[in-house]
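As structure tokens, the structure follows; a few thoughts come after it.
We did not get these values from a lab; they are worked out from the coordinates using the rules stated. Note that the structure is predicted; figures quoted are calculated from it, not measured. Because the Cβ atoms are built from the backbone with ideal geometry, glycine has one as well, and the counts that use them run over all protein chains shown.
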Amino acid sequence: MRQFVVIGCGRFGSSVAKTLYSLGYDVLAIDKDEERVQELSDSVTHAVQSDAVDENALRTIGIRNFDVAIVTIGSDIQASIMGTLIAKELGVNTVIAKAQSDLHAKVLYKIGADRVVFPERDMGVRVAHNLVSSNILDVIELAPDYSIVEIAAMEQWENKTLRELQLPNRYGISVMAIKHGEDINISPYADDVIKEDDVLIVMGNNKDLKKLERKR
């Protein structure tokens, strides 16, 4: 089972830590604020008070033994960068870091972050799409111009194959997967048929993806 360490337990970090723990994973939460640590102690496997820029403390805690480190420090950019750097240097295999800006993200990638997230911006994208569209279920922004979208199959797509629909030609999008209930078809074939209530995970340019939106 994968083990996670969450460094920085503000609103976003606490939410990540609690959710991972509720899904059955071992979660170590680290924050320099004792009150936050106390609040989280019953909602994660372990909660420890420590400074993200204290390399010796993080080494003593043993974060190198964790599979994934999630550095969610927000306002203190220097601490965010140092926490990410230390986690990589101590040998954590995968480090995910929260960024405040594109420049912050570039620095995090330069020092070894495997993935950078913009939780506030990403949530804003999700909320906006869900407010104006009845068939866009979720959005993950890959870059300023490209996204992955989870979309409910349109009625006119039902009982037709991907070959018949020609979605790349008509909409400029690529179908990455098809969800039917609990089943997920990864990398579907051209002859796979879209059924009622299917959900498609597609990737494309935001201008092309906008064509798929069905207004509320």
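What distance in nm separates the simple spin-label points at residue 205 and residue 187, each placed 7 Å from Cα in the Cβ direction?
2.6 nm
Sum -39500 (n - 2.57) across every DSSP H segment of at least 4 residues in the chain, then divide by the residue count to get the 222 nm mean residue ellipticity, nearest 500.
Dividing the helical sum by the residues of the chain leaves -9500 deg cm²/dmol.
Tell me, what is the FRET efficiency for residue 42 and residue 102 to the nearest 0.05, using R0 = 30 angstrom and their Cβ-Cβ distance as r?
0.20
For residue 19 and residue 213 in one chain, what is 0.36 nm times their gap in residues minus the Cα-Cα distance, to one decimal in nm?
Full-extension gain reported as 66.9 nm.
Report the paramagnetic label zone for residue 26: residues of segment 60-101 whose backbone N is under 11 Å from a point 7 Å from Cα along the Cα-to-Cβ axis.
65-67, by backbone N distance to the label point.
Explain nothing, just the number: relative contact order of the chain, from Cα pairs under 8 Å at least 6 residues apart, as a whole percent. Before the final figure, lay out the partial values.
Details: 426 pairs, mean separation 29.1, N = 216.
Rounded, it is 13 percent for the chain.
Determine the dipole magnitude for the chain: charges of +1 sit on the beta-carbon of Lys and Arg, -1 on that of Asp and Glu, nothing else is charged, the reference point is the Cα centre, and the result goes in debye to the nearest 20.
In total the dipole reaches around 620 debye.
Between residue 75 and residue 120, what length comes free when the chain is fully extended (0.36 nm per residue of separation minus the Cα-Cα distance, one decimal in nm)?
Taking 0.36 nm per residue and subtracting the Cα distance, the gain is 14.9 nm.
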